[in-house]
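The values are calculated or read from the model by the stated rules, or taken from the named source; none is laboratory data. Because the structure is predicted, anything quoted here is derived from the model rather than measured. Because the Cβ atoms are built from the backbone with ideal geometry, glycine has one as well, and the counts that use them run over all protein chains shown. Ligands, DNA and RNA are excluded from the accessible area calculation, which covers all protein heavy atoms including side chains. Shrake-Rupley method; radii C 1.70, N 1.55, O 1.52, S 1.80 Å.
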Amino acid sequence: QVQLVESGGGLVQPGGSLRLSCAASESFVSFNHMGWFRQAPGNKRDLVASMSTVGSTIYADFVKGRFTISRDIAKNTVYLQMNSLKPEDPAVYSCHLVRGINDYWGQGTQVTVSS
(Lines give C-alpha, C1' and ligand atoms only; values in the text may rest on other atoms or scores of the structure.)
Protein backbone atom coordinates (compact mmCIF):
# COMPACT_ATOMS: atom_id res chain seq x y z
CA GLN A 1 0.00 0.00 0.00
CA VAL A 2 1.40 3.36 -1.03
CA GLN A 3 1.73 5.84 1.80
CA LEU A 4 1.49 9.58 1.16
CA VAL A 5 2.64 11.99 3.83
CA GLU A 6 1.71 15.63 3.49
CA SER A 7 3.15 18.63 5.20
CA GLY A 8 3.30 22.40 4.91
CA GLY A 9 -0.19 23.54 5.78
CA GLY A 10 -0.88 26.20 8.35
CA LEU A 11 -2.08 29.71 8.98
CA VAL A 12 -1.07 32.54 6.69
CA GLN A 13 -2.23 36.08 6.15
CA PRO A 14 -3.97 37.12 2.94
CA GLY A 15 -1.36 37.65 0.28
CA GLY A 16 1.01 35.24 1.93
CA SER A 17 2.54 32.01 0.69
CA LEU A 18 2.75 28.39 1.70
CA ARG A 19 4.34 25.34 0.14
CA LEU A 20 2.69 21.98 0.55
CA SER A 21 4.65 18.77 0.20
CA CYS A 22 3.48 15.23 -0.41
CA ALA A 23 6.04 12.48 -0.04
CA ALA A 24 5.28 9.03 -1.43
CA SER A 25 6.59 5.77 0.01
CA GLU A 26 7.33 4.45 -3.47
CA SER A 27 9.17 5.69 -6.50
CA PHE A 28 7.46 8.30 -8.62
CA VAL A 29 8.49 6.37 -11.69
CA SER A 30 5.53 4.06 -11.19
CA PHE A 31 2.91 6.81 -11.01
CA ASN A 32 1.30 8.22 -14.11
CA HIS A 33 -0.52 11.17 -12.61
CA MET A 34 -0.34 13.33 -9.52
CA GLY A 35 -2.32 16.24 -8.24
CA TRP A 36 -3.67 18.36 -5.44
CA PHE A 37 -7.32 18.72 -4.46
CA ARG A 38 -8.98 20.86 -1.85
CA GLN A 39 -12.20 20.72 0.11
CA ALA A 40 -13.69 23.41 2.28
CA PRO A 41 -16.46 22.65 4.80
CA GLY A 42 -19.79 22.16 3.04
CA ASN A 43 -18.16 22.14 -0.39
CA LYS A 44 -17.26 19.41 -2.79
CA ARG A 45 -13.66 18.42 -3.35
CA ASP A 46 -12.14 20.36 -6.20
CA LEU A 47 -9.08 19.76 -8.32
CA VAL A 48 -6.49 22.46 -7.72
CA ALA A 49 -3.62 21.34 -9.92
CA SER A 50 -2.36 18.20 -11.59
CA MET A 51 0.73 16.97 -13.35
CA SER A 52 1.16 14.08 -15.76
CA THR A 53 4.10 11.72 -16.06
CA VAL A 54 5.64 13.87 -18.78
CA GLY A 55 5.23 17.00 -16.71
CA SER A 56 2.26 18.66 -18.33
CA THR A 57 0.15 20.60 -15.86
CA ILE A 58 -3.44 21.64 -15.40
CA TYR A 59 -4.67 24.31 -13.00
CA ALA A 60 -8.08 25.26 -11.78
CA ASP A 61 -9.09 28.72 -12.91
CA PHE A 62 -9.28 29.93 -9.33
CA VAL A 63 -5.54 29.31 -8.76
CA LYS A 64 -4.02 30.07 -12.15
CA GLY A 65 -1.10 32.41 -11.85
CA ARG A 66 -0.90 31.93 -8.08
CA PHE A 67 -0.24 28.24 -7.45
CA THR A 68 2.41 26.01 -8.97
CA ILE A 69 2.61 22.23 -8.89
CA SER A 70 6.03 20.64 -9.13
CA ARG A 71 7.77 17.41 -8.29
CA ASP A 72 11.12 16.08 -7.21
CA ILE A 73 11.39 12.60 -8.64
CA ALA A 74 14.51 11.79 -6.64
CA LYS A 75 12.63 12.56 -3.42
CA ASN A 76 9.33 11.02 -4.53
CA THR A 77 7.69 14.28 -3.56
CA VAL A 78 5.12 16.52 -5.20
CA TYR A 79 4.76 20.13 -4.14
CA LEU A 80 2.16 22.84 -4.34
CA GLN A 81 3.56 26.33 -4.07
CA MET A 82 0.74 28.68 -3.13
CA ASN A 83 1.32 32.41 -3.49
CA SER A 84 -1.00 35.37 -3.09
CA LEU A 85 -3.32 33.37 -0.89
CA LYS A 86 -6.84 34.71 -0.67
CA PRO A 87 -9.56 34.49 2.00
CA GLU A 88 -11.40 32.02 -0.26
CA ASP A 89 -8.47 29.57 -0.39
CA PRO A 90 -8.83 27.95 3.08
CA ALA A 91 -9.53 24.25 2.84
CA VAL A 92 -8.08 20.86 3.51
CA TYR A 93 -5.61 20.22 0.72
CA SER A 94 -4.92 16.63 -0.26
CA CYS A 95 -2.48 15.10 -2.69
CA HIS A 96 -3.61 12.41 -5.06
CA LEU A 97 -1.49 9.96 -7.04
CA VAL A 98 -2.62 7.56 -9.74
CA ARG A 99 -0.92 4.37 -10.77
CA GLY A 100 -2.76 2.36 -13.35
CA ILE A 101 -6.25 1.65 -12.07
CA ASN A 102 -5.33 2.51 -8.49
CA ASP A 103 -5.27 5.86 -6.82
CA TYR A 104 -3.95 7.04 -3.50
CA TRP A 105 -4.76 9.98 -1.24
CA GLY A 106 -2.79 11.84 1.35
CA GLN A 107 -4.25 12.49 4.77
CA GLY A 108 -4.90 16.14 4.00
CA THR A 109 -3.38 19.28 5.41
CA GLN A 110 -5.30 22.33 6.59
CA VAL A 111 -4.64 25.70 5.02
CA THR A 112 -6.07 28.73 6.78
CA VAL A 113 -5.94 32.27 5.46
CA SER A 114 -6.72 34.94 7.98
CA SER A 115 -5.49 38.30 9.11
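Working from label points 7 Å from Cα in the Cα-to-Cβ sense, the Asn43 to Ser70 distance is 2.5 nm.
Place a +1 charge on the Cβ of each Lys and Arg in region 18-115 and a -1 charge on the Cβ of each Asp and Glu, then give the dipole magnitude about the Cα centre in debye, rounded to the nearest 20. Intermediate values should be presented prior to the final figure.
Numbers: 10 positive and 7 negative charges, 19 e Å.
Around 100 debye, computed over region 18-115.
Give the accessible surface of the chain per residue, rounded to a whole number of Å², with probe radius 1.4 Å and ligands, DNA and RNA excluded.
Numbers: 5950 Å² over 115 residues.
Roughly 52 Å² per residue, with all protein chains present.
Over the chain, with every protein chain in place, what whole percent of the accessible area is carbon and sulfur at 1.4 Å, could you tell me? Kindly include the intermediate steps, with their values, before the conclusion.
Numbers: 3020 of 5950 Å².
Roughly 51 percent, rounded to a whole number.
Shown in residue order for region 70-85 are the 3J(HN,Hα) couplings computed by the Karplus curve 6.51 cos²θ - 1.76 cosθ + 1.60 at θ = phi - 60°: 8, 8, 10, 4, 5, 9, 6, 10, 10, 10, 10, 8, 10, 10, 6, 4 Hz (x for Gly and Pro). Viscosity 1.306 mPa s, temperature 10 °C: Stokes-Einstein D of the chain from its Kirkwood Cα radius, in µm² per second? Estimated diffusion coefficient is 113 µm²/s.
Highest mean packing comes first when the peptides 22-31, 66-75, 40-49 are listed by Cβ atoms within 10 Å, giving 22-31, 66-75, 40-49. Using a 10 angstrom cutoff on alpha carbons, build the Gaussian network for the chain and name the most mobile of Val54, Val78, Val98. Of Val54, Val78, Val98, the Gaussian network model singles out Val54 as fluctuating most.
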